[in-house]
Amino acid sequence: MTQPALRPRDAAELVALAALWGGSFVLMRLGAGEFGPFALVALRVAGAALLLLPLLALRGQFGALRRHWRAILVVGVLNSALPFLGFAYAALSITAGLSAIFNATTPMFGAIVAWAWLGDRLAWSRWLGIGVGFAGVAVLAWSNASHPAAFKPGGSGWAVVACVGASVCYGIAANYTKRRLTGVAPLAVAAGSQLGAALVVALPAWWYWPAIAPSTSAWVAVALLAFACTGVAYILYFRLIANAGPGNAIAVTYLVPLFGALWGGLLLGEGVTAAMLGGGAVILLGTALATGMLGARGAAGDRFPESHQPDYRTPR
């Protein structure tokens, strides 16, 4: 399907969305150490639900949430609770920019799941992209997980595993959404999935609630993460899908790592290593090929289907 032209306003919103999603990795770094992954994620998804549910009510779409609550709950687990926990855990030991780069593999995993589960055809260029993308992941994984302490508790090796696992969850969630929730109001999926995720992580968050009261700066980071980088980001993303089409909206995938590294450098003093630059470039190239944005288009079914774009993907 031909995508509408990207207007200046759409381009500005695309950049704003990338800035928000890239910033989420920095905010997780600022909040995870004091709150811990479970409490951080619980506050994030609960805050986003508090912002999105009133909008859902204003649009009169609560009926869609009631009719499809089981499937939406599954999306909440796969697309919010589990991946948010993975990236929050990773934030304890690796940089925001590195986590954002691993997040960029999401469309690649989405293509693999679509092929294995939904029977989608993959052109040779897309298989090439998957191979290239995995090579980039291997470069980054080796640079962060090859030292002896990498797989000790809290080591960077486990952080890499958590990031990749989170991206796999996003890929599964996008395809599950296509399979079970096609045609359901996107805002109902967004708001309901955040509510569902909040319910799922509520008990472990209570159990692992920090014994020492988090600082004001940590609370501010979590509030921004919940309301801006999750709630507002959802609204921006759905506007882009409606105004510019999913194919244009997916371009945010390639901007998020840039902002993750930028905010990490400006706000946390994080450096960018040669491995990050090389591995990140390879991953982005592989993702572009795997999603059909580069290379031979092949048959009509070979291009990454619009319904597999991460329409319900939150950042991060």
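The values are calculated or read from the model by the stated rules, or taken from the named source; none is laboratory data. Source: prediction; values computed, not measured. Quick reminder, even Gly has a Cβ in these numbers, built from the backbone with ideal geometry, and neighbours come from all protein chains shown.
Residues to consider are 78, 51; find the one that is modelled with pLDDT of 95 or more, closer than 28 Å to residue 135 by Cα and within 20 Å of the chain's Cα centre (by Cα).
Among 78, 51, only 78 is modelled with pLDDT of 95 or more, closer than 28 Å to residue 135 by Cα and within 20 Å of the chain's Cα centre (by Cα).
Residues in region 180-193: is at least one at pLDDT 90 or above, touching a Ser or Thr at 6+ places or on another chain (Cβ under 6 Å), buried (at least 24 other Cβ atoms within 10 Å of the Cβ) and not in a helix (DSSP H, G or I)?
No, every residue in region 180-193 fails to be at pLDDT 90 or above, touching a Ser or Thr at 6+ places or on another chain (Cβ under 6 Å), buried (at least 24 other Cβ atoms within 10 Å of the Cβ) and not in a helix (DSSP H, G or I).
Starting from residues that are buried (at least 18 other Cβ atoms within 10 Å of the Cβ) and either of a type in the set (Phe, Trp, Tyr) or more than 17 Å from the chain's Cα centre (by Cα) (or both), keep the ones in region 101-124 and report whichever is farthest from residue 78 (Cα to Cα). Full working, then the answer.
As a first pass, look at region 101-124 and keep what is buried (at least 18 other Cβ atoms within 10 Å of the Cβ): 101-114, 120, 122-123.
Among the residues that remain, those that are also either of a type in the set (Phe, Trp, Tyr) or more than 17 Å from the chain's Cα centre (by Cα) (or both) are: 102, 109, 114, 120, 122-123.
Values: 102: 17, 109: 13, 114: 15, 120: 21, 122: 24, 123: 27 Å.
Result: 123.
Against the definition (out of contact with any Leu (no Cβ under 6 Å at 6 or more places or on another chain) and either surrounded by fewer than 22 Cβ atoms within 10 Å (Cβ to Cβ) or in contact (Cβ under 8 Å) with a residue 24 or more places away in the chain (or both)), how does residue 56 come out, yes or no?
Taking the combined requirement at face value, the residue does not satisfy it.
Taking into account only those residues within region 223-265 that are hydroxyl-bearing (Ser, Thr, Tyr) and buried (at least 21 other Cβ atoms within 10 Å of the Cβ), which is farthest from residue 45 (Cα to Cα)?
Within region 223-265, the subset hydroxyl-bearing (Ser, Thr, Tyr) is 230, 234, 237, 253-254.
Checking which are buried (at least 21 other Cβ atoms within 10 Å of the Cβ) leaves us with 230, 234, 237, 253.
Working: 230: 8, 234: 12, 237: 17, 253: 21 Å.
The qualifying residue farthest from residue 45 (Cα to Cα) is 253.
For a quick check of your reading of the model, give me the residue pairs whose first member lies in region 200-213 and is within 16 Å of residue 73 (Cβ to Cβ), whose second is aromatic (Phe, Trp, Tyr), with beta-carbon atoms closer than 8 Å and at least 6 apart or on different chains.
Hits for this filter: 201/38.
Collect the residues in region 89-100 that are assigned to a helix (DSSP H, G or I) and more than 11 Å from the chain's Cα centre (by Cα), keeping them in residue-number order.
If the condition is that a residue be assigned to a helix (DSSP H, G or I) and more than 11 Å from the chain's Cα centre (by Cα), then 89, 90, 96, 97, 98 are the ones that fit.
How about region 218-272: which helices (runs of 4 or more DSSP H) wholly inside it have at least 3 residues that are more than 14 Å from residue 17 (Cβ to Cβ)?
Here the list reads 252-268.
Any residue that is at pLDDT 85 or above and within 18 Å of the chain's Cα centre (by Cα) - is there at least one of those in region 139-158?
No - not one qualifying residue is present in region 139-158.
So how many residues does region 34-47 have that are crowded, with 21+ Cβ neighbours inside 10 Å and farther than 16 Å from residue 82 by Cα?
Summing the residues that are crowded, with 21+ Cβ neighbours inside 10 Å and farther than 16 Å from residue 82 by Cα in region 34-47 gives 2.
Would you mind telling me which numbered condition in (1) modelled with pLDDT of 95 or more; (2) buried (at least 24 other Cβ atoms within 10 Å of the Cβ); (3) more than 14 Å from the chain's Cα centre (by Cα) residue 86 fails?
(3)
Determine, yes or no, whether residue 282 is surrounded by fewer than 22 Cβ atoms within 10 Å (Cβ to Cβ) and either touching a helix residue (DSSP H, G or I) at 6+ places or on another chain (Cβ under 6 Å) or at pLDDT 65 or above (or both).
Considered against the rule, which asks whether it is surrounded by fewer than 22 Cβ atoms within 10 Å (Cβ to Cβ) and either touching a helix residue (DSSP H, G or I) at 6+ places or on another chain (Cβ under 6 Å) or at pLDDT 65 or above (or both), residue 282 comes out as yes.
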